[in-house]
Each structure stands twice: as C-alpha cells, then as structure tokens.
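Below you'll find the structure, written out as structure tokens, and then a few comments.
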Amino acid sequence: MHDEPDRWLELYRATEARIRRYLARYLPADEVPTALADVYLTAWVRRDRLAECSLPLAWLLAVADGVVRHRTPTPEVTTPPAGASTGRATRAPR
C-alpha cells in the first residue's frame, strides 16, 4: 500500500498532458485546470475501477468526456408549433 502515491504520480505524469489537451478541445481555457482536477478526483474516488482497467488512459478520457458533458450546457429542444413544417420533404401521393 505504501507505493500507491508513487503509482498515482506515475499515472498522472503519463496521462496529464493528453487529458489536458482533450479538455482544452471542448472547454474554455479558464475551465481546463478545474476540469482536470475533477477528472483526477473522480479517478481517485473510483480508483478500484481504475485498478481493474487495462487501459487507464482510455478510462480517464471517458471520465474527462463526462466532465466535459457536465460542464457544457445542452441546447434546449423546442417543439415546433402544431402545423409547422418540419423541413422534411414529403412525397406527393400517386
């Protein structure tokens, strides 16, 4: 158990740049440091799942994707008024 901090430091050093680039692609620059911290906090909380994973970078990228989705507002979906055109072409009856 005494080597756990060393393993975490090694994991962080091996993945931080890639995770940071991923976050920077989807978030404003001022949000990236906090989002990065969220990724590694989530990894720490779920470290039992991470320990079972054969591809830790892929697992961390999935966590990063969740962080991005959580921080990115979703556009509101509006329902067109009754009788409004949906923009779809319709075929004339034969």
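Things to note:
- Electrostatic tally near A14: other residues with Cβ closer than 13 Å to its Cβ, Lys and Arg +1, Asp and Glu -1, net +1.
- Rounded to whole Å, the principal axis extents of the Cα atoms in region 4-71 read 32, 19, 17, largest first.
- For the peptides 33-45, 3-15, the ranking by packing is 33-45, 3-15, with the highest mean count of neighbouring Cβ atoms within 10 Å listed first.
- Once the Cα-Cα distance is subtracted from the 0.36 nm per residue extended length, the W8 to A29 segment shows a gain of 5.1 nm.
The numbers here are math on the coordinates, done by the rules we state, and not lab data. Everything numeric here is computed off the predicted structure, so don't read it as measured data. Neighbour counts are summed over all protein chains in view; Cβ atoms, including those assigned to glycine, are modelled from backbone coordinates with ideal geometry.
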